[in-house]
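Novice: The following block contains the structure, expressed as structure tokens.
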Amino acid sequence: DTAQVSSMPIPPMQYVKFYSDEAVKKGTAPKPPPPLHDTYSMFGITINNDDAIIQSLESQGIKKLLPSKELDRKKELRKLNHSILMNFLDLLDMLIKCPESNKREEKLDDINLLFIHMHHLINEYRPHQARETLRVMLMVQKRRRVQFTNKFKDQLDKVKNIIQEALDSLPQPQEAMEVDENKAEADKASGLKEGDSEAGTVSNMDRIMCDFVD
């Protein structure tokens with residue numbers, strides 16, 4: 001079986017223990033940190049909340065190699081990838097022929113700058129990726145709800161058909177009255193027949209007794 005690995009690391013257990021059900025009910029669990037208002041530090045860099053999510057290269061003091069207008073990101077990424085490969089081959093050639101040359105530092109700086117530009121172009125797709133991820137999540141939720149609604153409607157139709165069949169199988173009030181009347185008449189007729197047979201039996205016995213007395 002394929003081992004399932006979480007894409008996110010496991011939270012530190014020494015903090016998880018503080019948030020047990022009993023601690024949360026008693027109110028002894030540590031409170032969340034206050035929200036950040038102005039600035040915060042991340043990886044040793046001070047970040048302002050008002051700054052753009054994706055900052056321009058110029059604002060970071062990085063030389064920009066990309067055109068400012070009509071930027072085709074796919075084309076530029078291919079060009080950057082090709083430039084990185086070419087510079088890497090040049091660096092290897094330089095290390096083989098003149099390993100003590102100072103130009104290798106320049107070549108490393110060029111490769112580093114190219115990687116920064118490639119990373120910046122990829123980061124510019126992050127808002128689009130977030131919107132697409134949210135759109136896909138909403139589509140999945142909508143599809144599940146539509147499937148659940150359709151199944152519920154099918155079950156509801158089946159229940160309605162069962163109830164309708166049960167109602168159709170019940171006798172109508174007029175038919176029920178006629179059945180009761182017919183049954184009463186049949187019981188009455190059978191009672192009269194039993195009475196006539198008993199009366200005939202009694203009269204025969206009287207006749208026999210009279211003949212015996214005579």
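Novice: Looking only at region 40-47, decide whether some residue is modelled with pLDDT under 85 and part of a loop (DSSP other than H, G, I, E, B).
Specialist: yes
Novice: Counting just the residues of region 65-74 that are closer than 19 Å to Asn112 by Cα and among the aliphatic types (A, V, I, L, M), which one comes out least open to solvent (accessible area, probe 1.4 Å)?
Specialist: Going through the qualifying residues, I end up with Leu66.
Novice: Output the number of the condition that Leu77 fails; it satisfies all remaining conditions of (1) of a type outside the set (Gly, Ala, Ser); (2) surrounded by 10 or more Cβ atoms within 10 Å (Cβ to Cβ); (3) in a loop (DSSP other than H, G, I, E, B); (4) in contact with a Leu (Cβ under 7 Å, 6 or more places away or on another chain).
Specialist: Just one mismatch for Leu77, condition (3).
Novice: Which of (1) of a type outside the set (Ser, Thr, Tyr); (2) surrounded by 11 or more Cβ atoms within 10 Å (Cβ to Cβ); (3) more than 33 Å from the chain's Cα centre (by Cα) does Ala29 not meet, given it meets every other one?
Specialist: Only one criterion is unmet by Ala29, namely (3).
Novice: Next up: Go through (1) under 30 Å from Asp38 (Cβ atoms); (2) touching a helix residue (DSSP H, G or I) at 6+ places or on another chain (Cβ under 7 Å); (3) open to solvent by 100 Å² or more (accessible area, probe 1.4 Å) for Ile62 and report which single condition fails.
Specialist: The one condition Ile62 does not meet is (3).
Novice: Suppose we filter region 23-53 for residues that are over 26 Å from Asn123 (Cβ atoms) and of a type in the set (Gly, Ala, Ser); how many remain?
Specialist: Qualifying residue count, region 23-53: 3.
Novice: Mind listing whichever residues of region 107-116 are in contact with a helix residue (DSSP H, G or I) (Cβ under 6 Å, 6 or more places away or on another chain) and under 18 Å from Glu58 (Cβ atoms)?
Specialist: Residue satisfying the conditions is Leu114 alone.
Novice: Now for a different question. Scan region 82-141 for residues that are of a type in the set (Lys, Arg), free of Cβ contacts under 8 Å to residues at least 60 places away in the same chain and either surrounded by 11 or more Cβ atoms within 10 Å (Cβ to Cβ) or within 30 Å of Glu70 (Cα to Cα) (or both) and jot them down.
Specialist: Lys103, Arg104, Lys107, Arg131, Arg135
The values are calculated or read from the model by the stated rules, or taken from the named source; none is laboratory data. Every value quoted in this text rests on a predicted model; they were computed, and no experiment measured them. Don't worry about glycine lacking a Cβ; one is built from the backbone with ideal geometry, like all the others, and counts go over all protein chains shown. In case anyone asks, the SASA skips ligands and DNA or RNA and just uses the protein heavy atoms, side chains included. Shrake-Rupley method; radii C 1.70, N 1.55, O 1.52, S 1.80 Å.
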